[in-house]
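Trainee: Below is one structure. I have some questions about it.
The values are calculated or read from the model by the stated rules, or taken from the named source; none is laboratory data. Remember, predicted model here, so these are calculated numbers, not experimental data. Virtual Cβ from ideal backbone geometry, glycine too; neighbours counted across all protein chains shown. To get the accessible areas, we keep the full protein, side chains included, count just its heavy atoms, and leave off ligands, DNA and RNA. Shrake-Rupley method; radii C 1.70, N 1.55, O 1.52, S 1.80 Å.
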Amino acid sequence: MLDENDYKSIFFEVTHPESNNVSYLLGTHHAFSKSFFDTLEVPKSKLQESSIVILESLKIPGQNSEDIINVRTTTTNWKKYLSQDDLIYAQELLKKGPVNFDKLTPTELYVTLARVYNIKVCAARMDDDSNLTLDEYIGSIAQRNNVETFGLETVKEQLEIINKDVAGMPRKVHKKRLKSLINLLRNNIITGKCEDSETYRNQEFTYNLDTECQNHLMLTDRNNKWMQVIPEKIMKNNCFIAVGLSHLRFECGLIAQLSDRGFIITPIKTND
């Protein structure tokens, strides 16, 4: 099945011939939340049975993105990046959020608006859904059940990577892509970005395990760092691992790397 690269699932069982432990790997989409996870009967059940939940990062008071951003002493001159109308629209859209708008970087604003686009225009969440990401919601379930949680990296590291990924991008490119995204949001325009959300919802991703990763900073380097920790955790615990789906795909992905180390990766349907 691993040679087919198309599993019709975002959920995998992970075992090893030299261990009696059984772990699970869930590919997440950060725009989705509680309403989607509640439809996944099998992952919900396996989460309850796990002895440790492993996430990309943990929500820790004082160390969350809003905490890190809000204590910055520098601000962004948005007149260099947004028209007056677009600036007012973006500020109004995010005014109820916990982050000081002026202390965001242009890249962080783009990432934030892209998630809002997926949530609102692509309908990734229900109207009464949790404001937590899918990963954060899974972490909250673990904490309620007193299950140990482990973060593969810190939120500070994630923010640094997000900004470093586009370091050197000309201001005019920032302006162009922010203007385009705000236009999509303002006019509720459905694009191919929504197809990506629907593909995730329907679990129709192709994993391309023989294809080289194209983004070394966001995928290859982070996956390699995580693989210094994950195998040992799996050998000693019944783990529930939830990371962005992109981290499971391609040659540098966790599925390919775990398989290369002798782990047996079995696609599991999310509903019986």
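Trainee: Filter the stretch 127-137 down to the residues that are of a type in the set (A, V, I, L, M) and surrounded by fewer than 20 Cβ atoms within 10 Å (Cβ to Cβ) and list them by number.
Mentor: Leu132
Trainee: May I ask you to verify whether Val111 is touching a residue at least 24 places away in the same chain (Cβ under 8 Å), within 28 Å of Arg249 (Cα to Cα) and more than 19 Å from the chain's Cα centre (by Cα)?
Mentor: In short, no.
Trainee: In the stretch 58-93, what count of residues is obtained for those that are open to solvent by less than 60 Å² (accessible area, probe 1.4 Å), outside any helix (DSSP H, G or I), among the hydrophobic types (A, V, I, L, M, F, W, C) and modelled with pLDDT under 95?
Mentor: 1
Trainee: Can you confirm whether the stretch 221-238 contains a residue that is closer than 14 Å to Thr28 by Cα and either at pLDDT below 95 or among the aromatic types (Phe, Trp, Tyr) (or both)? First the steps, then the outcome.
Mentor: First, the residues of the stretch 221-238 that are closer than 14 Å to Thr28 by Cα: none.
Looking through the stretch 221-238, none of the residues is closer than 14 Å to Thr28 by Cα and either at pLDDT below 95 or among the aromatic types (Phe, Trp, Tyr) (or both).
Trainee: Residue check: is Asn163 open to solvent by 70 Å² or more (accessible area, probe 1.4 Å) and not small (Gly, Ala, Ser)?
Mentor: no
Trainee: Every residue in the stretch 26-38 that is small (Gly, Ala, Ser), under 15 Å from Thr270 (Cα atoms) and not in a strand (DSSP E or B), please.
Mentor: Passing the criteria: only Ser35.
Trainee: Here's something else I'd like to know. Just to be sure, is Gln203 under 30 Å from Asp260 (Cα atoms), out of contact with any helix residue (DSSP H, G or I) (no Cβ under 7 Å at 6 or more places or on another chain) and surrounded by 15 or more Cβ atoms within 10 Å (Cβ to Cβ)?
Mentor: In short, yes.
Trainee: Out of all the residues in the stretch 61-107, which are within 21 Å of Leu181 (Cα to Cα) and among the polar types (S, T, N, Q)?
Mentor: Across the stretch 61-107, the qualifying residues are Thr76, Asn77, Ser83, Gln84, Gln91, Asn100, Thr105, Thr107.
Trainee: Another question, then. Residue by residue through the stretch 94-109, note down the ones that are in a helix (DSSP H, G or I) and open to solvent by 50 Å² or more (accessible area, probe 1.4 Å).
Mentor: Selection gives Asp102 alone.
Trainee: Within the stretch 117-224, which helices (runs of 4 or more DSSP H) (wholly inside it) include 3 or more residues that are closer than 28 Å to Lys8 by Cα and touching a residue at least 40 places away in the same chain (Cβ under 8 Å)? Explain how you work it out, then say what you get.
Mentor: Values: elements: 134-144, 155-165, 171-186, 192-201.
Per the criteria, 134-144, 192-201.
Trainee: For the stretch 180-194, enumerate the residues that are open to solvent by 60 Å² or more (accessible area, probe 1.4 Å) and at pLDDT below 90.
Mentor: If the condition is that a residue be open to solvent by 60 Å² or more (accessible area, probe 1.4 Å) and at pLDDT below 90, then Lys193 is the only one that fits.
Trainee: Every residue in the stretch 30-45 that is open to solvent by 40 Å² or more (accessible area, probe 1.4 Å) and touching a Leu at 6+ places or on another chain (Cβ under 9 Å), please.
Mentor: His30, Lys34
Trainee: Can you spot a residue in the stretch 3-25 that is in a helix (DSSP H, G or I), open to solvent by 20 Å² or more (accessible area, probe 1.4 Å) and at pLDDT 95 or above? I'd like the intermediate steps shown before the answer.
Mentor: Let us first name the residues in the stretch 3-25 that are in a helix (DSSP H, G or I), namely none.
No, that holds for no residue.
Trainee: Moving on. Quick check on my filter: what residues within the stretch 246-272 are within 19 Å of the chain's Cα centre (by Cα), of a type in the set (A, V, I, L, M, F, W, C) and open to solvent by less than 10 Å² (accessible area, probe 1.4 Å)?
Mentor: Passing the criteria: Leu248, Leu254, Ile255.
Trainee: With respect to Ala124, determine if the residue is among the small types (Gly, Ala, Ser), surrounded by fewer than 18 Cβ atoms within 10 Å (Cβ to Cβ) and within 15 Å of the chain's Cα centre (by Cα). Before the answer, list the steps.
Mentor: On the way: among the small types (Gly, Ala, Ser): yes; surrounded by fewer than 18 Cβ atoms within 10 Å (Cβ to Cβ): no; within 15 Å of the chain's Cα centre (by Cα): yes.
It is false that Ala124 is among the small types (Gly, Ala, Ser), surrounded by fewer than 18 Cβ atoms within 10 Å (Cβ to Cβ) and within 15 Å of the chain's Cα centre (by Cα).
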